[in-house]
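Since the structure comes first, as structure tokens, the remarks are kept for the end.
Bear in mind that the values in this text are calculations on the coordinates, not laboratory data. What you see is a predicted model; the values in this text were computed from it and never measured. Please note: Cβ atoms are built from the backbone with ideal geometry, for glycine as well, and neighbour counts cover all protein chains shown.
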Amino acid sequence: MAELLQFVITGLTVGMVYALIAMGFVLVWKSSGVANLALGQLVLLSSWFTYGMLVQVGMPLWAGFIVVLIFAVLLGWVIERFILRPLIAQPILSLITVTLGVAYFIQGVVVFIWPASVAALPRLFPVEPLHVGPAVVSQQYVWAAVISLALFGALSLFFRYHKMGIAMRATADDQRAVQACGIPVTRIFSRSWMVACVLAAVGGVLMSSIGGITFGLVETGLKAFSVVILGGLDSFLGAVIAGPIIGLAENLGAGYLTPLTWPGVREVIPFIIIIIVMFVRPYGLFGEERIERI
Amino acid sequence: MDLPAGTRNYTYAQDMAILRTRTHWFLFVLLLVAIFTAPLYWGNYWLGVANLIGITIIAAIGLNILTGYCGQLSIGHAGFIAVGAYTSAVLTERLGLPFPVGLISAGITAGLVGMLFGIPSLRVKGFYLAISTIAAQFIIIWVINHWTGVTGGFVGMRVPYASIGGLVFKSESSQFYLIIGITCLTVFFAKNLARTRAGRAFVAIRDNDLAAEVMGISLFRYKLMAFFIGCFFAGISGSLLAHWIGYMNAEHFSLTTSILYIGMIIIGGLGTALGPILGVVFLKLLDQLLTVQLVPFLESTFTALPAGFATGIAPMVFGLVIVLFLILEPRGLAHRWQLFKAAYRLWPFSY
């Protein structure tokens, strides 16, 4: 029983972080129609950058995080301005593969600057574990969930009330109409990439505070894909709900399926879920089914 | 426009022919002679590079049929290559079957696995398909890494040399003939496939699959056929790779390899017969130039290079090349070659 509770709590909390990263994907997809396959590499890069600022440069925590956020914003701007802007209105195939090129490039940059494959961030959260009933959960998980929830709240307020947020939702709805209203669409694209990079950075820092910085962070980004596929590619709500589901499936599966199958079953569960969703309900739980005309 | 000046068609057969003029035939024979006499004057090192290029071309042609002609983006190609490699390795090493059986069943197994993961393509496309092929890649590699009894798991397994009858392909040069021979057959097949009913159906599906279906092209049949053919070549390539290296583990088939394959066919030119060849040669030679020539030179010249320089520089350059090609020349090297040919034929009155 204690075991089950433990799996459920870790699954739900890690799932929140996946959902956070997935939100960045959904945002870019909705506003500009670009599928950002470099998500995992963005997570990896920003985690290593945080490590560089906090450990190698030795900044205090608060200053380090501000620098990381600025870095993420700049990164988003650079990617949108110099790589995706020239490709506007190109076929979807180019838009997907160009992010693969970006992913490959970022991977090279990470190996180039930080050849060590493993590192640990300094301790961000208190150590002593929490006791929830019979289960023992380390505080990092709880903090990760709390921060993710706070960001969800902030984002939904932003989309509800802020001018930029409303403009982003409008762009997602109908690009041409937005252009006709005089809203600069390219600026919306740029902003959505910035927000996506910031979300990837926060998600990366949270994940690496739990498990350290490894190359496995790329797979965190890939798990975010399974979140968006399950939740529906164009649904924020879907991402928020599917994130904890993926986290739960992953942790419960790792806990109970490993004796039945091979070790390491944890890593493929999100991918198996992707395949199942593709066969059963390809547009996800909350995705909008596209009806095409010739 | 495509024809040299003064060349006219009097029959349909002439119109369809690939090699038209006497100069074409002369250059073609010259090329074949140059390729098949290469072991006489190339050293073992460059033969090895040529073998790797040949193996990669086969897989890239498969991906080009799937992605370039039929428009079904696959980011799991390395996974399908792995299926072929391990099928052939297991059949020849563990069961002691002859190499040709291993080669053919590698192709067929990879094709069938590809078809299985291609089934979602009937309902979804674009990003959804890309993600499901990534998932295929991870599931395949996970199975290979953990099915220890058959594949040797993380440790890997030994693979015997390729042999047909009593002939064992042991040296670089004998393997060169095997690999380049199969590569030439593949190129021939791919060039002609594009001109058949199936090839035209693929292009129609790529351009607009709904319109294609309305015109009476069975999407079910042709999309799965594209997956089968594309992954069949991946399997053949994997089998050759396994017997060429002589040792297999799953590290040869990472996601980055899959991305690189996409990069190759983009750099070469999607949906052209020449594209995959140009792309593979370009990227493999760039790889040689970087890792074998440039990096040791720079490391010996500048001592203050960061430690990750040698391993990080190649992905950085490859990523950059892919991005730049997509932005500046999305039709790839094959398009440049077309422009060059047109300019050459019209010279000195090119416009």
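Going by how many other beta carbons lie within 10 Å of each one, how would you line up A:Cys197, B:Cys184, A:Cys181, fewest first?
A:Cys181, B:Cys184, A:Cys197
Using only the alpha-carbon atoms, how far is helix A:236-256 inclined from the longest principal axis of chain A? Give it as 0 to 90 degrees, nearest 10.
30
Distances over 36 Å make up what percent of all Cα-Cα pairs in the protein assembly as shown?
42
Given the C-alpha centroids of the stretch B:239-256 and the stretch A:152-182, what is the distance between them in whole angstrom?
What the calculation gives is 48 Å, centre to centre.
What are the equivalent ellipsoid semi-axes of the stretch A:17-215, built from the alpha-carbon gyration tensor (square roots of five times its eigenvalues), in whole angstrom, biggest first?
One finds semi-axes of 31, 21, 14 Å for the stretch A:17-215.
Whose amide H sits under 5 Å from the amide H of A:Ile213, counting only residues 5 or more places off or on another chain, with H placed in the peptide plane?
A:Ala119, A:Ala120, A:Leu121
Please give the FRET efficiency for B:Ala5 paired with B:Ile119, using the beta carbon to beta carbon distance and R0 = 45 Å, rounded to the nearest 0.05. Provide the component values of the computation, followed by the final result.
Working: r = 49 Å, r/R0 = 1.10.
After rounding to 0.05, the efficiency reads 0.35.
I need the peptides B:140-146, A:217-223, A:69-75 ranked by packing, meaning the mean over residues of other C-beta atoms within 10 angstrom, with the highest value on top.
Highest-to-lowest ranking by the protection proxy: A:217-223, B:140-146, A:69-75.
Relative to the first principal axis of the alpha-carbon coordinates of chain A, what is the inclination of helix A:92-113, with its axis defined by its Cα atoms, in degrees from 0 to 90 and to the nearest 10?
50
Which residues does the label zone of B:Asn208 cover in the stretch A:272-294, counting backbone N under 17 Å from a point 7 Å along Cα→Cβ?
Residues passing the 17 Å test: A:291-294.
Dipole magnitude of the protein assembly as shown about its Cα centre, charges +1 at Lys/Arg Cβ and -1 at Asp/Glu Cβ only, in debye to the nearest 20?
1480
Compute and list, largest first, the equivalent-ellipsoid semi-axes of the stretch B:81-174 from the alpha carbon gyration tensor, each √(5λ) rounded to a whole angstrom.
After diagonalising the Cα gyration tensor, the semi-axes are 30, 16, 11 Å.
For chain B, just the Cα atoms, rotate onto the principal axes and tell me the three extents in Å, largest first.
If we take the Cα atoms of chain B, the spans are 62, 56, 48 Å.
Mind ordering A:146-155, A:184-193, B:254-263 by average Cβ neighbours within 10 Å, highest first?
B:254-263, A:184-193, A:146-155
Using only the Cα atoms of the stretch A:1-73, what are the Rg and Dmax in Å?
According to the Cα coordinates of the stretch A:1-73, Rg and Dmax are 16.1, 46 Å.
Hey, in the GNM for chain A with a 10 angstrom Cα cutoff, which one of A:Pro91, A:Pro129, A:Pro282 fluctuates hardest?
A:Pro91
Relative contact order for chain B: what is it in percent, counting Cα pairs under 8 Å that are at least 6 residues apart?
Normalised by residue count, the contact order of chain B is 28 percent.
Determine the alpha carbon to alpha carbon distance for each of B:Lys223/B:Lys284; A:Lys30/B:Lys223; B:Lys125/B:Lys223; A:Lys223/B:Lys125 and list only those over 23 Å.
Pairs exceeding the cut-off: B:Lys223/B:Lys284; A:Lys30/B:Lys223.
For the pair B:Leu346 and A:Val78, how long in nm is the line joining their label points, each one 7 Å along Cα→Cβ?
Here the answer is 4.1 nm between the modelled labels.
List every residue whose amide H lies under 5 Å from the amide H of A:Phe286, counting only residues 5 or more places away in sequence or on a different chain, with H placed 1.01 Å from N in the peptide plane.
It is A:Gly232, by chain and number.
Roughly how crowded by other chains is peptide B:117-127, in terms of the mean Cβ count from those chains within 10 Å of each of its Cβ atoms?
5
Express in nm, to one decimal, how much length is gained between B:Ser174 and B:Arg20 on full extension, taking 0.36 nm for each residue of separation and deducting their alpha carbon distance.
This chain segment gains 52.2 nm when fully extended.
Mark the label point 7 Å from the Cα of B:Val101 along Cα→Cβ and return the residues of the stretch B:161-191 whose backbone N is within less than 17 Å of it.
Hits in the stretch B:161-191 for B:Val101 at 17 Å: B:161-167.
Measure nothing but the geometry: give the 0 to 90° angle between the long axis through the Cα atoms of A:61-78 and the longest principal axis through the Cα atoms of chain A, rounded to 10°.
Tilt of helix A:61-78: around 40 degrees.
Using the Karplus curve 6.51 cos²θ - 1.76 cosθ + 1.60 with θ = phi - 60°, what ³J(HN,Hα) values do you get for each residue of the stretch B:29-34, in whole Hz, with x for Gly and Pro?
3J(HN,Hα) across the stretch B:29-34, in whole Hz: 5, 4, 4, 4, 4, 4.
For B:Thr23, A:Thr97, A:Thr258, which order do you get if you count the other beta carbons within 10 Å of each Cβ and list the fewest first?
By the 10 Å Cβ count, ascending, the order reads B:Thr23, A:Thr258, A:Thr97.
Scan around B:Ala162 for amide H atoms under 5 Å from its own, H built in the peptide plane at 1.01 Å from N, and keep only partners 5 or more places away or cross-chain.
Residues meeting the criterion, in which the H sits 1.01 Å from N, are B:Phe169.
Would you mind calculating the relative contact order of the stretch A:2-131 from Cα pairs under 8 angstrom and at least 6 residues apart, reporting the percent as a whole number?
Computed over the stretch A:2-131, the figure is 32 percent.
Could you compute the FRET efficiency for A:Arg290 and B:Tyr41, with r as their C-beta to C-beta distance and R0 at 51 Å, rounded to 0.05? Could you put the intermediate results ahead of the total?
Numbers: r = 57 Å, r/R0 = 1.12.
The computed FRET efficiency comes out at 0.35.
Would you tally the net charge around B:Ala201, using a Cβ to Cβ cut-off of less than 15 Å, leaving B:Ala201 out, and scoring K and R as +1, D and E as -1?
Local net charge: +3.
Determine ³J(HN,Hα), in whole Hz, for all residues of the stretch A:211-222 in sequence, where each value follows from phi through the Karplus function 6.51 cos²θ - 1.76 cosθ + 1.60 and θ = phi - 60°; x replaces Gly and Pro.
Result, rounded to whole Hz: x, x, 8, 9, 5, x, 4, 4, 5, 4, x, 5.
Starting at the first residue of the stretch B:249-259, write each ³J(HN,Hα) from the Karplus equation 6.51 cos²θ - 1.76 cosθ + 1.60 with θ = phi - 60°, in whole Hz, x for Gly and Pro.
Whole-Hz 3J(HN,Hα) from phi for the stretch B:249-259: 9, 6, 5, 6, 10, 7, 4, 5, 4, 4, 4.
What does the structure give for A:260-270 when I average, per residue, the other chain Cβ atoms found within 10 Å of the residue Cβ? If you can, show how the numbers build up before the last one.
Working: counts 0, 1, 7, 2, 3, 2, 0, 5, 8, 0, 2.
Mean partner-chain Cβ count within 10 Å for A:260-270: 3.
For a quick check: sort B:Phe154, A:Phe236 by the number of other beta carbons within 10 angstrom, fewest at the front.
So the ranking, lowest neighbour count to highest, is B:Phe154, A:Phe236.
State the Cα centre-to-centre distance between the stretch A:70-143 and the stretch B:293-351 in whole Å.
Comparing the Cα centres of the stretch A:70-143 and the stretch B:293-351, I get a distance of 28 Å.
Taking N as the number of residues in the stretch B:254-325, what is its Cα Rg relative to 2.2 N^0.38 Å?
Values: Rg = 13.8 Å, N = 72, 2.2 N^0.38 = 11.2 Å.
Against the compact-globule rule of thumb, the ratio is 1.23.
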